[in-house]
Structure formats: structure tokens, C-alpha cells
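Undergrad: Below you will find the structure I want to go over with you.
The values are calculated or read from the model by the stated rules, or taken from the named source; none is laboratory data. Computed from a predicted structure; not experimentally measured. Cβ placement follows ideal geometry from the backbone for every residue including glycine, while neighbour counts extend to all protein chains displayed. SASA here: full protein model, heavy atoms, side chains in, ligands and nucleic acids out. Shrake-Rupley method; radii C 1.70, N 1.55, O 1.52, S 1.80 Å.
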Amino acid sequence: MSGRVLVGVKRVIDYAVKIRVKPDNSGVVTDGVKHSMNPFCEIAVEEAVKLKEKKLIKEVVAVSCGPQQSQETIRTALAMGADRGIHVEVSGKDYETLGPLQVSKILAALAKKEDAQLIILGKQAIDDDCNQTGQMTAALLDWPQGTFASEVSMDGAQVKVVREIDGGLETIKINTPAVLTADLRLNTPRYATLPNIMKAKKKKIANVKPADLGVDLTSRLEVLRVDEPPQRQAGMKVETVEDLVEKLRDTGMV
Amino acid sequence: MLLRKVSQTSSLSVCGSILRNPAVLSGAPRPAAIVLAVPGGRLYASQAAQAVLDKPAAVGSDVASKVEKKAVAAESKSFAVNMFKGQIATTQVFPFPKALNDEQEQFLQELVGPVSKFFEEVNDPAKNDALEKVEDHTMEGLKEMGAFGLQVPADLGGLGLSNTQYARLVEIVGSHDLGVGITLGAHQSIGFKGILLFGNKAQKEKYLPKLATGEHIAAFCLTEPASGSDAASIKTTAVLSPCGKFYTMNGSKIWISNGGLAEIFTVFAKTPTKDPKTGEMKDKITAFIVERSFGGVSHGPPETKMGIKASNTAEVYFEDVRVPADCVLGEVGGGFKVAMNILNNGRFGMAAALAGTMKGVMSKAIDHAANRTQFGNKIHTYGAIQEKVARMTMLQYVTESMAYMISGNMDSGATDFQIEAAISKIFASEAAWTVTDESIQVMGGMGFMKGSGVERVMRDLRIFRIFEGTNDILRLFVALNGFQNAGNHLKSLQKALKNPIGNAGLLAGELTKRAKRKAGLSTGLTLQGSIHPELAQSGDLTVKAIEQFGAVIEELLVKHGKKIIDEQFVLKRVADCAIDLYAMVVVLSRASRSLSQGQASAQHEKMLCDTWCMEAHDRVMRDVQLLRSTQSKRLFNNMRSISAAVVENGGVVAPHPLGF
């Protein structure tokens, strides 16, 4: 086994920013807005680095698909302990329509090229909330998947994953190579220390184009319109249950 | 006018002799004892004056050699220095310095995130304040983060940040927790800065690595019970052993930040030294690196303070401490210069931190003003609140601009920034106090409550006007330094007068300049070409103010001669003008840059700049007028008398209105 783990990291608008829709309703405002690594991707990186520190795997490779600025996100992963990075350059219109299908094709191609033993991703991105990339990647590679992981442990060539599901927790054992997606309680990501950021400057980030991987980026989706959620209307207080039923009938809800 | 004054040779020769000292001009080493002793005069002002004459050196290890060069630069590039001569030197102020190359900028951007995150999520300022110490896990986190060695070179275990990069990070610390800010600042901005600036290779390699990781904490030990502002009067002694291998140190220092935590101390002590020329023994200050492990070093309990409670402040005692001779920092007898250089070098950090502090409290006040409804409207719609918010914004803008202009100048290799650094410290500490005070006011009762976190900042801020050179002393420093440079300029004119024909051109120019100034006409000074055309009006106000300022400086020099040193009422107002003028120029520079770059905020910044310049111009003109008027003398004399009477009485003199 190569002992190599691929970790996908996505550059998203920072969770604390107040999102605003562009005046032409074509999307949200991203210019000049603070961006950072998707929180679930941070958890994924942390898990990979932990596995390396436990000597269960040998190398952590951070991957990001996007424009020039994605390199900042890769560097954050390097500062957290990843060994090297791969920046898949996607910009302009292609970047606007980049979604889970395209990314999973890219990750699948890279996994084969890098002979990865594990792919760890965040369960979803906080900008599109798709929750699809991990699953699609596994399907394209025909690899087992352990999604919504809240606990991961290696057992030889197998991985034991405790998954958070609607009913509670489910424990599964899957063969490697496999795809895992990190959920909130998997771990607490470490703070990148300044000396590590400095050391990260020396780590390599390779540049790759999707075409080099034989990936077609055409999107099957077209965004028609983006709107802000409707303003929350004021509520009404009623005195009795009868009043409530009457109001519900009046507004046509019952 | 100039020719007439020539005939009264006494005045010019007096002003020429104000600060005349052959040793100073020839750059020869001078004794530490003050040179400016006015016959029968006091030495209290001498510190400021001495600091003035000891030209601080640039950051670098060849400082010792630079320190001995001419104390008065022939052509200083400093804006402040030239402003006192009524001239405008644009090199250091226009355009606004771009101090970071692409790589440094990118690196810095990567650092900002983690540092901010740490202070938002891990550091608990309220807890630190209540415990009166920085929580243990926070200290550990800061050490791991690398926060203790920001400017230590990377090959010695630090981050090797430039001044501008350092400023950006301390801005974050300042906006969250000044107690932690002082703990870090006392350690690296002054505690071991001496080793960075004056240490030899061996000293750097021995001490810096452990200081960078925070394994060892550092402290700066200058102040003693009887020596605060009067730093040259310290009594701690270090006597060289007969074998010459070590010094024995005795003395006690008070109010030492990190005194209870530090392992490495930069200590200033009096060493008996032989004057090379006269052969007599004189006590001069020497700087030492003292390790707690030398034995004999102890400290007192932590002081209970009004603010920055999380920072440890303690007395430090030295009892027969054996300090190896190779622990001398810089030159034997050159300690005063070392101290002043260290303080001068770290001053920009304070302005940067406080710019961050102001942003922090302002966001709370603004949030309150935007959401609080009274009398049917949000309170930010009322003029009273609008004025407060606008003034806060301008003060913060000026402070931030000063901080990054100075750090930019320092990074570009400027060596002449001591006046500007002092100005920035005075301005930043007073602006932050005002901004926080007004923020509490905007927030009303909520501002007064502990929970809002603003009252803590207010308490933390009070010390900033006191330590690292009280604002009062620094004002004297700014004024006296300016007078010295102006005086030397006049001295050179006096020389020119001795050969009027050979210097006809120069003299004619000076004559015309003064005539124009007297007539209220422009002397040809202009900022056109340096500033964006949209700021022309503010530029004009600034130029007018500089012209009048230059004139009044000359008049004061002629009027008072070397006795100007004692005229503290005058010096304070001169300093206030200098501060306002530097502030005007700094915002002109920054706003110009924004306009030239077509920034989205450019018009807003133009408004900040214009508004600031309008008010600053009026303040300067008013002070200049006061300084010229005969009324000022009466005013100052009255104050002198009032003070004397009250001090003699040990309290107010006027009896109670009720008679008892």
C-alpha cells in the first residue's frame, strides 16, 4: 500500500461573513469578501495529519480545484501538516459551474495517478451544501465509502468508520482503498502555528490542468437565478386554540 | 528682517550656541552628563535633550559604529526635522510607503488568519483580567504559535518579520487583549530588542533561540524608585572586578513588566568608567544582559494595577549579581543610547496595536449606535452621535496611517525617524483613550458594564500615556529635537552671513522667504505633485500651517535662545503643532494613495483627510498665534504662580466658599 492519503480542500466564503446576493441575481458577491478553508475540509486535513502522526499512513497530499487563490487554501493545509499540495487550475466560467460531478472526476483521476490509499473529504461545503463529492468520487472509482465519519480507525488494510446517521451511530468496516468524508465531531482541527506556516512555504504545490487528467468540466446544471431568502414576517399571537384554528382557516393553511 | 537681526548679533549667536557643542558637531563621543546645562539651570529637561542629541541608530548589528557618527545629520530626510525649519521634505512621507514585496505580503496574509482565530477563540481577555494573569493554556498556545519571536531572524528560531509585518500582527493583538499585548511587547519589543539591535554574534546565538520560542521570557529593566523620566539618574551599579572578567551588580528596579516571569533581563546600571581624554572616573550607564540563573536576582509580588492586569508587573532586585563581562550589551558607558534606541525602535508597535484597539471598541460603539432606538429613531441619526463616530473614525485613521508610515520608513532603511516615532506614540495613546472614552459614551450605561468589555479596554489604555516615555516628556523631546535642528540651520545661516557676498544667493532667498512669510504670502512651498489634485485644498492648508510653524519656531529661537529648554509651556504647544502637522501630512499621503489607486473607499478617505486638515490647521494657527502673543507670557506666568502657591500650601489655596 502506498500509504498516501489525498485530502480535498475547498476555498469557500468564510463562515462569519454576511452573504450578499449580486444585484443581477446571478450569484453571491465574492469580490473582496473574506474566504477561508471549508470547515469540514479542515477536519478532513486534521484527520489525515493525525493518521500520519500515528504512523498509519505515510504522506498527506492536499488537493484543491479552483483559481489562483486556491493555493492559499492548500498552503493552510500544508501549515497544518500536509506534505505537499496539488492545485488543479480551474478559473473563469469553468470555475463558476464547477460542481461535485466535475470535482469527483478530477479527484478520481488524481487518486489513480497518485496511487492513493485513502481519499478524505469534508462531508459537504458550506457554500453549496451539496454533500455529493465524496459519494460520487467513490462511485467513479468503485471504491467503498465511509461518509459522515465521526470516528475513524485503521485496522490493517481495512478501515473502521463510525458514521453519524439520522437514527444514531452506525459502525462499518470497509476495505482500502476507500473514500471517507468527515463530519463535525470527527476531531478538532489544530491551529496553524506561525512557524509551521513558515515551514509550509518550502513545501511543494504542483500545478495541474483538468485537461491533463482527461477530465471534461462541462456542467449539466445551469443556475437560473439566485435570491435572498424572503424576509421573515412578523408572527402573530393568539389567545386560545379556537382563535388559532380560525386564523389557520382564514389564511388558507387548513 | 534678516539683515536687521544681523546687527543684533547677540540673538543669532545665542541661538547658534543654544545647542552648540563642538563634540556634538564633530561626532566625537560625549560624556553622559548633560551638555546643555544652562548656568544655574535644571537638569530635568536634560533627558529629553540628551536623547535628542544621541541620534538613534537604524535596526542592525552595526549600530555601535553608526551611533558615533554626527549627531546632527547634514541633510535629514525626516519630514518632522525639516518641518521645524519651515521646509517640506517629501522623501519619507510621499508616496505612502509600500513596505512589503509580493512574497512578504503573501506570507503576512497567511499569518493574519491563524493569529486572529487564536485571539477570537482561545484567548479570554475577561478571564485574563479577572485572574490578573494570562491563562496558562493561552500562554502555551501563544508560544506554540510563535508569537514570542516574531522579529527574531528565522535562522535563530524566529519568524524574521519586518517591522511592517510585525505591526500588522500586533494590531490584531491590540484589538483583542492589551494585557497579552504588553506581555508580548515587554518581551520582544523592548525586553530583548537590545540583543537584536546591539548584541554581538555570540550573544545573539546564545540567547535568541530560547527567547524566540518563549522558553525564556525577557524583561526591560530601567526604571527605579527614584528614576522614572529621569532615566540618567539611575542608581543600580555594576562594578568591574579587578580581574576584569565580571561585574558585580547591585540595585533594584520597579514596575518591570514580565519581572516575575523573565529569565533574561536587559538591565541598565551605572558603571564607573575612565574618561579617555581627562582620565577621570565618571559613572556612565551600561546595558547588560542578565540571566536569572546568575544568582542574586529576585523579584517581588505582582503589582495590583488599574489595567493590563493580565501582564505581570513586579520589582526586580539585584544583589551582588555576578554578570560576566561578555554580557555587556553595546559599549561600556553607552547604555543610555542603547535604552533610547530600544524604546525608539519599538514605538511604532504601540501605534499599530492601538490602531487595532480603536477598531475593536469602535465596532461595538457603532453596532450600538446603529441598533439602539431612542425618541423614535436609531441614535446614529442624531448629530451628537454622528460627531462622536466621525471623530473616532478620523483619530483611528490618523493613528493607523502613522503606524504604517513609520514602519514602512523603518523597513526602507530610514534612520531618522525618532521625532515621528515619538509623535506617533503620543498621538496613538491619546487618541485611543479618547476613542474608547467616547465609545463608552455612545454605548451609554452598557458601556460602563463589565460585560461589554469596553471598560476593561479603558483601564488597560491609561498606562499607555505613561510608560515607554511619558507623553509629557516625549512632547519636550519632539519640541527640543525640532529646535535643535532649526537652531543648527540658523547657525549655518549665521555662518553664511559672515560671507554675505559669497552667499548672496542663499541670503537673498532667505530674505525673500521671510519677507513673504511676514506679509502672509506663500513662500513657494507646495505639496503639488506630491498629493492627489483632489486634495489640493487640504494640501494648501497644510502648507500654510507649516510655513507659519517654521516662522514661529525661528522667532522663538531668536527670542529665547538657549533658555528655550526651560520654556515648557511653549515647548508643549510647539509639540502639539508638530503632532498636528505630521498627522495632516500622513493622512494626505494615505488619502492620495487611495485616490490614485482608485480604491472604492477613496472618496470617504478624502473626506476624512479634508475634515482632519481643516480642524488641525485651525489648531495649529491658534497655537501659533498664542505663542506670538504677549498674552501667552502672562498666561504662562500666571500658571507658574498658581502652581507655586498651591504646592507651597500643599493643596488648594482659596478658602472654602462657605468659609469653613
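Undergrad: B:Ala238 passes all but one of (1) touching a residue at least 24 places away in the same chain (Cβ under 8 Å); (2) within 28 Å of the chain's Cα centre (by Cα); (3) open to solvent by less than 20 Å² (accessible area, probe 1.4 Å); which number fails?
TA: Of the numbered conditions (1) touching a residue at least 24 places away in the same chain (Cβ under 8 Å); (2) within 28 Å of the chain's Cα centre (by Cα); (3) open to solvent by less than 20 Å² (accessible area, probe 1.4 Å), the odd one out for B:Ala238 is (2).
Undergrad: Would a scan of segment B:385-402 turn up a residue that is out of contact with any helix residue (DSSP H, G or I) (no Cβ under 6 Å at 6 or more places or on another chain) and free of Cβ contacts under 8 Å to residues at least 40 places away in the same chain?
TA: Initial filter on segment B:385-402 (out of contact with any helix residue (DSSP H, G or I) (no Cβ under 6 Å at 6 or more places or on another chain)): B:386-387, B:389-391, B:393.
Those still in the list that are free of Cβ contacts under 8 Å to residues at least 40 places away in the same chain too: B:386-387.
For segment B:385-402, residues out of contact with any helix residue (DSSP H, G or I) (no Cβ under 6 Å at 6 or more places or on another chain) and free of Cβ contacts under 8 Å to residues at least 40 places away in the same chain: present.
Undergrad: Do you know which residues across segment A:104-151 are of a type in the set (Gly, Ala, Ser), open to solvent by less than 20 Å² (accessible area, probe 1.4 Å) and in a helix (DSSP H, G or I)?
TA: Result: A:Ser104, A:Ala108, A:Ala111, A:Gly134, A:Ala138.
Undergrad: Based on this model, can you work out whether B:Asn488 counts as modelled with pLDDT of 80 or more and open to solvent by 20 Å² or more (accessible area, probe 1.4 Å)? Spell out the reasoning first.
TA: On the way: modelled with pLDDT of 80 or more: yes; open to solvent by 20 Å² or more (accessible area, probe 1.4 Å): yes.
Criteria met by B:Asn488.
Results for (1) under 24 Å from B:Glu103 (Cβ atoms); (2) small (Gly, Ala, Ser), shown as yes or no for each residue.
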| position | (1), (2) |
| --- | --- |
| B:Ser116 | yes, yes |
| B:Thr138 | no, no |
| B:Ser189 | no, yes |
| B:Lys193 | no, no |
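Undergrad: I've got another one for you. Restrict the check to segment A:189-199 and report whether at least one residue is open to solvent by less than 80 Å² (accessible area, probe 1.4 Å), of a type in the set (A, V, I, L, M, F, W, C) and under 20 Å from A:Ile86 (Cβ atoms).
TA: Quick first cut of segment A:189-199, residues open to solvent by less than 80 Å² (accessible area, probe 1.4 Å) only: A:189-198.
Okay, now just the ones that are also of a type in the set (A, V, I, L, M, F, W, C), so A:192, A:194, A:197-198.
This time we only want the ones that are under 20 Å from A:Ile86 (Cβ atoms), so: A:192, A:197.
Yes, some residue in segment A:189-199 is open to solvent by less than 80 Å² (accessible area, probe 1.4 Å), of a type in the set (A, V, I, L, M, F, W, C) and under 20 Å from A:Ile86 (Cβ atoms).
Undergrad: Scan segment B:129-169 for residues that are among the small types (Gly, Ala, Ser) and away from chain A (no Cβ under 12 Å) and jot them down.
TA: Residues of segment B:129-169 among the small types (Gly, Ala, Ser): B:130, B:141, B:146-147, B:149, B:154, B:157-158, B:160, B:162, B:167.
Those that are among the small types (Gly, Ala, Ser) and away from chain A (no Cβ under 12 Å): B:Ala130, B:Ser162, B:Ala167.
Undergrad: Output the residues belonging to segment B:107-128 that are at the interface with another protein chain (Cβ under 10 Å from one of its Cβ atoms) and more than 24 Å from A:Gln69 (Cα to Cα).
TA: If the condition is that a residue be at the interface with another protein chain (Cβ under 10 Å from one of its Cβ atoms) and more than 24 Å from A:Gln69 (Cα to Cα), then B:Glu120, B:Glu121, B:Val122 are the ones that fit.
Undergrad: Could we say that A:Thr97 is surrounded by fewer than 23 Cβ atoms within 10 Å (Cβ to Cβ) and β-branched (Val, Ile, Thr) here? First the steps, then the outcome.
TA: On the way: surrounded by fewer than 23 Cβ atoms within 10 Å (Cβ to Cβ): yes; β-branched (Val, Ile, Thr): yes.
Yes; evaluated as a whole, the condition is true for this residue.
Undergrad: Would you mind telling me which numbered condition in (1) farther than 19 Å from B:Leu184 by Cα; (2) modelled with pLDDT of 95 or more; (3) in a loop (DSSP other than H, G, I, E, B) B:Lys309 fails?
TA: (1)
Okay, residues lined up against (1) out of contact with any Gly (no Cβ under 6 Å at 6 or more places or on another chain); (2) of a type in the set (S, T, N, Q); (3) part of a helix (DSSP H, G or I):
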{"position": "B:Ala147", "(1), (2), (3)": "yes, no, no"}
{"position": "B:Thr183", "(1), (2), (3)": "yes, yes, yes"}
{"position": "B:His187", "(1), (2), (3)": "yes, no, yes"}
{"position": "B:Ile190", "(1), (2), (3)": "no, no, yes"}
{"position": "B:Gly194", "(1), (2), (3)": "yes, no, yes"}
{"position": "B:Lys206", "(1), (2), (3)": "yes, no, yes"}
{"position": "B:Lys210", "(1), (2), (3)": "yes, no, yes"}
{"position": "B:Ala219", "(1), (2), (3)": "no, no, no"}
{"position": "B:Cys243", "(1), (2), (3)": "yes, no, no"}
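Undergrad: In addition: I'd like to know if segment B:355-368 contains one or more residues that are over 21 Å from B:Ile579 (Cα atoms), in contact with a His (Cβ under 6 Å, 6 or more places away or on another chain), assigned to a helix (DSSP H, G or I) and not acidic (Asp, Glu). Give the steps one after another, and end with the answer.
TA: First pass over segment B:355-368, keeping only residues over 21 Å from B:Ile579 (Cα atoms): B:359-368.
Still in the list and also in contact with a His (Cβ under 6 Å, 6 or more places away or on another chain): none.
Looking through segment B:355-368, none of the residues is over 21 Å from B:Ile579 (Cα atoms), in contact with a His (Cβ under 6 Å, 6 or more places away or on another chain), assigned to a helix (DSSP H, G or I) and not acidic (Asp, Glu).
Undergrad: Could you tell me whether B:Phe288 is hydrophobic (A, V, I, L, M, F, W, C), closer than 30 Å to B:Ala126 by Cα and part of a strand (DSSP E or B)? Steps first, answer last, please.
TA: Details: hydrophobic (A, V, I, L, M, F, W, C): yes; closer than 30 Å to B:Ala126 by Cα: no; part of a strand (DSSP E or B): yes.
In short, no.
Undergrad: Which one of these is more than 25 Å from A:Asp129 (Cβ to Cβ), open to solvent by less than 10 Å² (accessible area, probe 1.4 Å) and at pLDDT 95 or above: A:Val49, A:Val12? Reasoning before the result, please.
TA: Values: A:Val12 fails: more than 25 Å from A:Asp129 (Cβ to Cβ).
The conditions single out A:Val49.
Undergrad: Tell me the helices (runs of 4 or more DSSP H) entirely within segment B:560-660 that contain at least 1 residues that are more than 30 Å from B:Gln537 (Cα to Cα).
TA: Details: elements: B:568-596, B:602-628, B:630-649.
Of the helices (runs of 4 or more DSSP H) lying wholly inside segment B:560-660, those with at least 1 residues that are more than 30 Å from B:Gln537 (Cα to Cα) span B:568-596, B:630-649.
Undergrad: Have a look at B:Glu331, B:Glu319 and point out the one that is surrounded by 16 or more Cβ atoms within 10 Å (Cβ to Cβ) and within 30 Å of B:Ser252 (Cβ to Cβ). Full working, then the answer.
TA: Values: B:Glu319 fails: surrounded by 16 or more Cβ atoms within 10 Å (Cβ to Cβ).
Going through B:Glu331, B:Glu319 in turn, the sole match is B:Glu331.
Undergrad: Among the residues of segment A:198-217, write down those that are touching a residue at least 40 places away in the same chain (Cβ under 8 Å) and more than 14 Å from chain B (Cβ to nearest Cβ).
TA: A:Lys204, A:Ala206, A:Asn207, A:Val208, A:Lys209, A:Pro210, A:Leu213, A:Gly214, A:Val215, A:Asp216, A:Leu217
Undergrad: May I ask you to verify whether B:Val558 is open to solvent by less than 10 Å² (accessible area, probe 1.4 Å) and either modelled with pLDDT of 95 or more or more than 21 Å from B:Asp416 (Cβ to Cβ) (or both)?
TA: Working: open to solvent by less than 10 Å² (accessible area, probe 1.4 Å): no; either modelled with pLDDT of 95 or more or more than 21 Å from B:Asp416 (Cβ to Cβ) (or both): yes.
So B:Val558 fails the test.
Undergrad: Continuing with this model, one more query. Restricting to segment A:176-197, count the residues that are in contact (Cβ under 8 Å) with a residue 24 or more places away in the chain and either at positive phi or part of a loop (DSSP other than H, G, I, E, B) (or both). Steps first, answer last, please.
TA: Of all residues in segment A:176-197, those in contact (Cβ under 8 Å) with a residue 24 or more places away in the chain come to A:176-190, A:192-193, A:196-197.
When the remaining residues are screened for being either at positive phi or part of a loop (DSSP other than H, G, I, E, B) (or both), the result is A:176-177, A:183, A:187-190, A:192-193.
Residues in segment A:176-197 being in contact (Cβ under 8 Å) with a residue 24 or more places away in the chain and either at positive phi or part of a loop (DSSP other than H, G, I, E, B) (or both): 9 in total.
Undergrad: State whether the residues of segment A:60-79 include one that is within 14 Å of chain B (Cβ to nearest Cβ), in a loop (DSSP other than H, G, I, E, B) and either under 18 Å from the mean Cα position of the chain (by Cα) or farther than 17 Å from A:Arg190 by Cα (or both).
TA: Step one: list which residues in segment A:60-79 are within 14 Å of chain B (Cβ to nearest Cβ), which gives A:68-79.
Right, trim to in a loop (DSSP other than H, G, I, E, B) and you get A:68-69.
Next cut, either under 18 Å from the mean Cα position of the chain (by Cα) or farther than 17 Å from A:Arg190 by Cα (or both) only: A:68-69.
Looking for residues that are within 14 Å of chain B (Cβ to nearest Cβ), in a loop (DSSP other than H, G, I, E, B) and either under 18 Å from the mean Cα position of the chain (by Cα) or farther than 17 Å from A:Arg190 by Cα (or both), one finds at least one in segment A:60-79, hence yes.
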